[in-house]
Amino acid sequence: MSRKKGKVFGVVGTITHDFITFSSGRSFSGLGGILYQAAALCGLGKEAHLFSNLGEELLPMVKKVTSKWPGCKTRGLCVVPGPGNRVHLRYPARGERAEVLESCVPALNPGPLIKRAFQFDFLIAVINSGRDFTFQDWRKIVSAVQAPIWLDVHSLPLAFVLKRLRSYRPLTRWRDWVEGIAYLQANEKEVASMLGDPSVLPSLSRIKHFGQEALELGLKAVFVTLGRRGVLVMAPGVYRILKPPAVLGIVDTTGCGDVFCAAAAARLAAGADPVKAALSGIRFASPAAGVAGVEETYMLVRSSQL
């Protein structure tokens, strides 16, 4: 019996231990990183094969959580000494969140992923720390994977420092990172970094110009998340801002972009066009702001399928 199209996903990046503080003084801690994509994919009934170095201190927590998610495959996790990726996120009342990386795992050996690349219908890559994998190994992964690749640049433009506030820096080599992929995800600040000046948020016209340049490299679509304004979708002949529904009772916006990524990628893998895929991503990402953590995210997405 042949398997259903768009069922098997590779997910590469880093599993984090997040410590989150809000301007109200409320705080939360829990697992994060690529477990948000895994939670959404498994909630949608997909297989999520995880590839990441995992700090040994996080292993019991990760096993406990992922064992409850049918379809979550953890053979690609490599346990390394130490606490793993510990991240402090602080959300001010206004403006950008602040991030401090307390500890980090070494860059992933891409060998196990490359050996199993033929299994994937789709690969999602997320740069959670900036040291998830080296650029040279990333190019090996892109060359080996024949399925469509979605790249969320996320922390790539952030300066890689430990125990200090991470600031955005120009990411002038972005073309080298996106060459050969199919789908690119970034927020406005990350686009500003790729345009060379992270201190100035780009206008929509500048973002459109950036998207056109990315599409000329062979990408199928670019998704720029705009916060409460929604998502800008750019594809050949397409330039649309999709607005999210109003969300009451926001609990934690951490992971919303990851849920958008997973839900949109699931639709793309099944043959949907970029706009329909993004609408699906928004459908799940918006209510995800009303829950906290990967376990509640999984239950939220799973309940929508019942």
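Those helices (runs of 4 or more DSSP H) of the range 108-190 in which at least 3 residues are in contact with a Pro (Cβ under 7 Å, 6 or more places away or on another chain) and under 30 Å from ALA270 (Cβ atoms), considering only elements entirely within it, cover 135-144. Among the helices (runs of 4 or more DSSP H) confined to the range 216-306, the ones with at least 3 residues that are of a type in the set (Val, Ile, Thr), modelled with pLDDT of 95 or more and within 20 Å of ALA48 (Cβ to Cβ) are located at 293-304.
Considering only residues in the range 58-89 that are of a type in the set (D, E, K, R) and buried (at least 18 other Cβ atoms within 10 Å of the Cβ), the one that is farthest from GLY32 (Cα to Cα) turns out to be LYS73.
Can you tell me which residue within the range 247-291, out of those that are under 17 Å from the mean Cα position of the chain (by Cα) and among the basic types (Lys, Arg), is surrounded by the fewest Cβ atoms within 10 Å (Cβ to Cβ)? Per the stated criteria, the residue is ARG283. Applying the condition of being in contact with a helix residue (DSSP H, G or I) (Cβ under 6 Å, 6 or more places away or on another chain) and either part of a strand (DSSP E or B) or without any contact (Cβ under 8 Å) to a residue 12 or more places away in the chain (or both) to the range 29-49 and asking which residue is farthest from ALA277 (Cα to Cα) yields GLY30.
From the list GLY10, GLY32, GLY55, the one residue that fits, being out of contact with any strand residue (DSSP E or B) (no Cβ under 6 Å at 6 or more places or on another chain), surrounded by 18 or more Cβ atoms within 10 Å (Cβ to Cβ) and at pLDDT 95 or above, is GLY55.
Being in contact (Cβ under 8 Å) with a residue 12 or more places away in the chain, among the β-branched types (Val, Ile, Thr), part of a loop (DSSP other than H, G, I, E, B) and surrounded by 13 or more Cβ atoms within 10 Å (Cβ to Cβ) is true of VAL105.
The values are calculated or read from the model by the stated rules, or taken from the named source; none is laboratory data. Predicted model only: the values in this text are computed from it and were never measured. Neighbour counts run over all protein chains shown; Cβ positions are idealised from the backbone, glycine included.
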